[in-house]
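Structure, as structure tokens:
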Amino acid sequence: MGYVSLLVLIPMAALLNEAFKGGLGTFWSAATSTEAWDALKLTLACSLFAAVFNAVAGTATAYVLVRDRFAGRGVLNTIIDLPFALPTVVAGVTFYTLYGPHSPFHVNITGTWVGITVAIMFVTLPFSVRAVQPVLETLTSDAEDAAATLGASPLHVFRTVTLPAILPALLTGTGLAFARALGEYGSVVFISNNLPYHSQVSSSLIYSLVSSDQNTSASAVALVLLVLALTVLVVSNVVARQLAARRG
Amino acid sequence: MRRSSVVLRSVVILYVGALLALPLGFIFQQAFVKGWSQFWSALRDPAMDQAIWLTAKVVVLAVPLNVLFGVGVSLWIVRHPSKLSRALDVVIDVPLALSPIIVGLMLELAYAQTGWFGSTFAYLGLKIMFTYWAIVLASIFVSLPLVSRQVIPLLRELGEHQEQTAATLGAKPGRIFFTITLRSIAWAAAYGVTLTLARVIGEYGAVLIVSGNIALLTQTLTLNIGANFDSFNSYQGFVGSLLLGLISVLVLGVIGIARHRLERKRYDSFV
């Protein structure tokens with residue numbers, strides 16, 4: 001307990017203390033400055049888009065991994081974890097080189113929301129896949145087969161049989177991905193070009209405030225981001241649990 | 001074979017290939033783009049070698065500490081439930097929701113010389129911020145729950161029957177721990193250790209703030225890669241990235257094996 005409080009609790013208290021050091025007014029003006037607001041809107045939009053996109057792509061990936069049999073399935077299953085294994089900064093510089101000013105494909109998405117979103121999609125893909133995959137594995141295909149025998153189209157079977165079963169897990173995974181995306185730094189900072197008011201995400205803004213010794217403003221922005229991430233996690237967990245309970 | 005499933009399979013392979021496999025392959029290509037002799041001399045870059053050495057020193061301290069903590073805390077949370085251990089179960093997962101940048105900021109606020117504890121440590125003649133110790137602290141913070149998140153669910157699932165049986169037969173607590181408990185959680189722990197290792201080697205944002213990022217002194221390998229990129233020396237950055245890319249392939253291998261073993265263990269316990 002001492003280890004945890006020295007590491008986690010005391011630094012969190014220090015952050016709270018610093019954010020409100022100048023009183024509520026100072027906190028509020030730092031947290032809602034145009035710079036902070038623009039960064040937060042961009043962070044939220046890119047993170048939400050990436051999380052939702054990966055909810056769909058991740059479900060499709062998990063479905064193929066569990067229900068399909070083909071050569072190379074093992075490799076596909078293994079490489080899904082790459083974002084956990086590869087350092088974010090390595091992903092960041094690689095995406096910058098692949099899709100930047102000297103792109104071998106002649107695609108330059110640096111400094112755009114597309115670039116930021118692609119980086120976040122890379123980082124968050126395994127969250128959705130690994131949340132859905134174990135549920136799909138325990139779900140036998142009997143019910144799906146029965147529905148298909150009765151003449152339901154594959155899409156209809158998926159919507160009425162498979163989706164309700166995996167929805168709680170999918171929601172938890174997407175929530176985790178969204179929360180992780182909100183704070184992402186290493187993979188995003190290179191491809192974003194990091195222009196204030198334009199392509200700077202919140203974590204980048206916090207870093208630039210810390211670098212210029214504006215710790216109080218940095219803490220205010222950090223606190224908003226932290227509360228948002230925790231809210232996303234708690235809400236997605238609660239809703240997922242209720243959904244699961246309703247199914248019995 | 002239905003046509004729809006072939007289409008779905010192809011789309012998934014294309015997406016995962018473009019998003020994950022392509023960047024990984026690209027690192028290898030970029031590191032060798034100037035040929036072998038350039039690659040060898042880039043490997044002997046003093047700033048990068050110093051950074052590799054520092055990352056290794058951080059790993060050697062941070063990973064074992066977090067593994068001991070992770071296994072210990074999991075046993076405590078599962079086997080000795082109390083209000084305190086339930087609270088710890090929640091607090092321990094907090095680092096997963098925190099931006100690494102916020103972790104760095106929090107640690108700086110608490111441990112800088114002008115911060116809460118900095119003055120106390122300074123009085124004792126210890127400097128933490130912008131030293132090796134700050135990097136270790138940040139690495140431990142970001143990887144704190146990775147072992148326990150793997151071990152706790154498995155311990156809950158397994159229960160205590162085997163330990164109780166052994167105790168009835170007269171085995172001593174130490175022997176029970178090493179022959180039963182530790183052996184049954186070994187693969188879950190191995191999975192957690194590998195994730196911890198990958199996270200400690202790969203941490204960037206938190207270390208960027210607390211280390212001061214001084215080349216040859218407090219620059220880890222990830223920081224060195226970022227610095228090379230910022231100073232338009234992207235080739236040197238890709239050589240560093242190649243080393244981390246190779247490590248991540250090894251990590252993927254171990255994770256894959258550990259997950260496979262865990263699934264089999266789950267299956268066995270149902271039979």
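Laboratory data are not the source of any read-out in this text; all were calculated from the coordinates shown. Everything numeric in this text was worked out from a predicted model, so none of it was measured. Heads up, the Cβs are rebuilt from the backbone with ideal geometry, glycines too, and the neighbour counts pull from every protein chain shown.
Tabulated data
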item: Qualifying lysines (Cα of each under 28 Å from Cα of A:LYS21; at least 8 residues distant if same chain); result: A:LYS41, B:LYS127
item: Label point distance in nm, B:TRP116-B:GLU157, each placed 7 Å from Cα along Cα→Cβ; result: 3.7 nm
item: Assigned charges on the beta-carbon of Lys, Arg, Asp, Glu; chain B dipole about Cα centre (debye); result: 860 debye
item: Rg/Rg_globular for the range A:23-71, with Rg_globular taken as 2.2 N^0.38 Å and Rg from C-alpha atoms; result: 2.03
item: Computed over the range B:1-86, Kirkwood Rh from alpha-carbon pairs, angstrom; result: 18.4 Å
item: Rg followed by Dmax, in Å, when the protein assembly as shown is reduced to its Cα trace; result: 23.5, 78
item: Rel. contact order, % - alpha carbon contacts under 8 angstrom, at least six apart, the range A:22-247; result: 31 percent
item: Theoretical FRET efficiency, 1/(1+(r/R0)^6), r = Cβ-Cβ of A:VAL114 and B:LEU61, R0 41 Å, to 0.05; result: 0.50
item: Gaussian network model of chain B, Cα within-10 Å springs - most flexible of B:PHE177, B:PHE69, B:PHE39; result: B:PHE177
item: Proportion of all alpha-carbon pairs of the range B:1-147 beyond 18 Å (%); result: 75 percent
item: Computed label-point distance, nm, for sites B:SER41 and B:ARG175 using a 7 Å Cα→Cβ extension; result: 6.4 nm
item: HN-Hα J in Hz across the range A:67-73 - Karplus 6.51, -1.76, 1.60, θ = phi - 60°, x for Gly and Pro; result: 9, 9, 10, 7, 5, x, 5
item: Rounded to whole Hz, the Karplus (6.51, -1.76, 1.60) HN-Hα couplings of the range B:55-67, x for glycine and proline; result: 4, 4, 5, 5, 4, 4, 9, 5, 5, x, 4, 6, 6
item: The range B:92-199: proportion of alpha-carbon pairs further apart than 17 angstrom, %; result: 65 percent
item: Normalised per residue, the volume of the convex hull around the Cα set of the range A:1-111 (Å³); result: 202 Å³
item: Unit Cα scatterers, Debye sum, the range A:57-112: log10 I(q)/I(0) for q = 0.15, 0.24, 0.28 Å⁻¹; result: -0.65, -0.89, -0.98
item: Kirkwood hydrodynamic radius (C-alpha pairs) into Stokes-Einstein, the range A:137-248, 25 °C and 0.890 mPa s, D in µm²/s; result: 143 µm²/s
item: Charge dipole (debye, nearest 20) of the protein assembly as shown; +1 at Cβ of Lys and Arg, -1 at Cβ of Asp and Glu; result: 1200 debye
item: Sorted by Cβ density within 10 Å, fewest first, the residues B:ARG156, B:ARG2; result: B:ARG2, B:ARG156
item: Nearby aspartates and glutamates by direct alpha-carbon distance to B:LYS57 (threshold 17 angstrom, same-chain neighbours under 8 apart not counted); result: B:ASP49, B:GLU203
item: Value at 222 nm in deg cm²/dmol, rounded to 500, when DSSP H runs of n ≥ 4 in the protein assembly as shown each add -39,500 (n - 2.57); result: -23500 deg cm²/dmol
item: Calculated FRET value between B:ARG261 and B:GLN29, using beta carbons and R₀ = 45 Å, to 0.05; result: 0.85
item: Sorted by Cβ density within 10 Å, fewest first, the residues B:ARG175, A:ARG67; result: B:ARG175, A:ARG67
item: Unit Cα scatterers, Debye sum, the range A:141-199: log10 I(q)/I(0) for q = 0.29 Å⁻¹; result: -1.08
item: Chain B, relative contact order in percent, only Cα pairs under 8 angstrom and at least six apart counted; result: 28 percent
item: Calculated P(r) tail over 23 Å for the range B:35-270, as whole % of Cα pairs; result: 58 percent
item: Residue-span extension gain [A:ARG247 to A:LEU155] - 0.36 nm each, minus C-alpha spacing; result: 31.0 nm
item: Relative contact order computed over the range B:1-155 (Cα-Cα under 8 Å; 6+ residues apart), in percent; result: 28 percent
item: Least to most buried among B:PHE130, A:PHE105, B:PHE141, A:PHE53 (fewest other Cβ within 10 Å first); result: A:PHE105, A:PHE53, B:PHE130, B:PHE141
item: Along each principal axis, Cα extent of chain A, largest first, Å; result: 67, 48, 34
